[in-house]
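Let me begin by presenting the structure, written as structure tokens, before commenting on it.
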Amino acid sequence: MLTLRDVHAHYGKSHVLHGVSIEIRAGEVVGLLGRNGVGKTTTLKAVMGLVRRTGGQIVFDGQDLAAVPTHQLAALGIAWVPEERRIFRLLTVLENLRTGLDRPGLAPARREELLERVFARFPILRERRHQAGGTLSGGEQQMLAIARAMVLEPKIILLDEPTEGLMPRMVSQIREIVHALHRDGVAILLVEQNVPLTLEAADRVYIMEKGVVRHHGQAADLRANPAAIHEYLGV
Amino acid sequence: MDQLIVQTLHGLVTGMVLAMVASGLTLIFGIMDVVNFAHGDLMMLGAFTGATVLGVTGSFWLALLAAAIAIAVLGVLLQITTLRPLIGRDPLTTILATFGISLVIQKYALWQWGPSVRRITEPVPGHFTLFHLEYPWYRVATALLAGVIIAALWLFLKYGKYGIWIRATTQDRVMAQAMGIPVPLVHTAVFAIGSAMAAASGVLFGPFAGVTQTMGFDFTLRAFIVVVVGGMGNLGGSILASIFVSLVEAYAAIVVSPAQAVIVSFVVLVLTMLFRPTGLFVPTPK
């Protein structure tokens, strides 16, 4: 469904992605592991059209994304939950969700249904719906960021370090959400530092090093092979 | 005492017109990081358009509407041709570009309408006596109308679907795009709204002192002062600052001549930059 073929990207003059190739099939959870600064976040940004792509190809559902502006990706079915969460801090929780719900062509009944669904999944957001996004705790902001992506009814969610800096209780909640999305048939490209969580949640895993994919395989195989994990990730 | 009341009224009236000009400027800055030096000239062009329509139709309100629409369309064209390609570039680039637009509009107005002052007759006749002074009802009506327009803008931004798009884009352009908001279109629409408000203020202000091709620069300058004093890109702050600066100027005019009173607003600007560079009416960042 989403295919990156030999993608190169630059930040200004520095060459950060040196030919990344990744494939995610419909409904699949794919982990993207690697140490800090190897280009995992940049890979997601390349899909979103937020870094200068200097080579290779990104194809989604048969369509080359090179000519698609960022604001049309949501309608294609690509949602992004960035590392910094990027909640609209001065907008209320409900208004944050409305940025995804007020899209043309969405029937009012369907709109209500989507809102109801994320509120059912994250009851705390219903409670806080009239509170400014910036006043939420880190964990609540992460939930809002995921909920905001969910109301877009995406085919794939690019999930960047969702558990970073969260308390263990929140981490297990995020794990549940990833499972639930998986059950609903949403594909996820999961960038994480939390190796056990990724190996548990993902079907397949890619490991990046210095802007390229160094290893790729079934999550189950990696779980059974701690030596490989140590070699690539140093943990 | 009576002078104080007269000057309070005077300060409030000019403050409301200034607030209308400044709210467009601050909205545009907030969402695009574009410092629009041509803003006052769009106001001037709106005033001339209004005066022309008034001359033909004889209806002030029609002139107001026509000027707002015409300048909004011009704003759309300017934004698409000049500013859209420059978004995200060094602020100096957009400053130079809008400064260029400002000069072009001024020279066009000089060529088209000449250097003389054009009058716009007041649509609301009559005066009322305030102590020793005959105060025109029209000025009070202008302040009220400006208040209504600003309130409408605020309500639209707060509750309207597109208002939420505008606020989201202002806060985080990249994330707004990722949520599917058509950011380039939002930018153009905001520039159109700002231009329409500038044009409407031009027509409203027309009867105060007449329409000249240099009136824009004066307003650009004053609008900048209040946008900086109110906190760049902060709508509520700019409106409060407009009224605050206008009142301060009005009170100063009791003691010194009105020309000297203008200096006071520059003093407010310099003091704000020195002690509260984020703006007077913004909560201290935590």
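The values are calculated or read from the model by the stated rules, or taken from the named source; none is laboratory data. Not measured: the values here are computed from a predicted model. As a convention, Cβ positions derive from the backbone with ideal geometry for all residues, glycine included, and neighbour counts pool all protein chains shown.
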| Are any residues in region B:176-226 under 30 Å from A:ALA147 (Cβ atoms) and not in a helix (DSSP H, G or I), and if so, which ones? | B:MET179, B:GLY180, B:ILE181, B:PRO182
| Filtered residue count, region B:112-127, keeping only those that are assigned to a strand (DSSP E or B) and either touching a residue at least 40 places away in the same chain (Cβ under 8 Å) or acidic (Asp, Glu) (or both) | 1
| Which of the following residues is more than 10 Å from every other protein chain (Cβ to nearest Cβ), part of a helix (DSSP H, G or I) and not aromatic (Phe, Trp, Tyr): A:GLU95, A:GLU153, A:GLU140? | A:GLU140
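Given the residues B:GLY30, B:GLY46, B:GLY15, B:GLY24, which is the only one that is under 27 Å from B:VAL190 (Cβ atoms) and at pLDDT 95 or above?
That would be B:GLY46, the only listed residue that is under 27 Å from B:VAL190 (Cβ atoms) and at pLDDT 95 or above.
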| request: Return the residue satisfying two criteria in turn: it lies in region A:154-197 and is surrounded by fewer than 16 Cβ atoms within 10 Å (Cβ to Cβ) and of a type in the set (D, E, K, R), and of such residues it is farthest from the chain's Cα centre (by Cα). | output: A:ARG169
| Considering B:LEU157, B:LEU145, which residue is in contact (Cβ under 8 Å) with a residue 12 or more places away in the chain, away from chain A (no Cβ under 14 Å) and surrounded by fewer than 24 Cβ atoms within 10 Å (Cβ to Cβ)? | B:LEU145
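Mind checking which residues of region A:59-80 are touching a Pro at 6+ places or on another chain (Cβ under 7 Å) and within 9 Å of chain B (Cβ to nearest Cβ)?
Across region A:59-80, the qualifying residues are A:HIS71, A:ILE78, A:ALA79.
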| query | Taking the condition in a strand (DSSP E or B) and surrounded by fewer than 17 Cβ atoms within 10 Å (Cβ to Cβ), does A:GLN57 pass? | reply | yes
| query | Filter region A:31-58 for residues that are over 13 Å from the mean Cα position of the chain (by Cα) and either within 14 Å of chain B (Cβ to nearest Cβ) or of a type in the set (Lys, Arg) (or both); which is nearest to A:THR163 (Cα to Cα)? | reply | A:ARG35
| field | Positions within region A:98-112 being more than 20 Å from the chain's Cα centre (by Cα) and either in a loop (DSSP other than H, G, I, E, B) or within 9 Å of chain B (Cβ to nearest Cβ) (or both), in sequence order | value | A:ASP102, A:ARG103, A:PRO104, A:GLY105, A:LEU106, A:ALA107
| said: Tally up the residues in region B:162-175 that are within 7 Å of chain A (Cβ to nearest Cβ), under 17 Å from A:VAL51 (Cα atoms) and assigned to a helix (DSSP H, G or I), please. | reply: 2
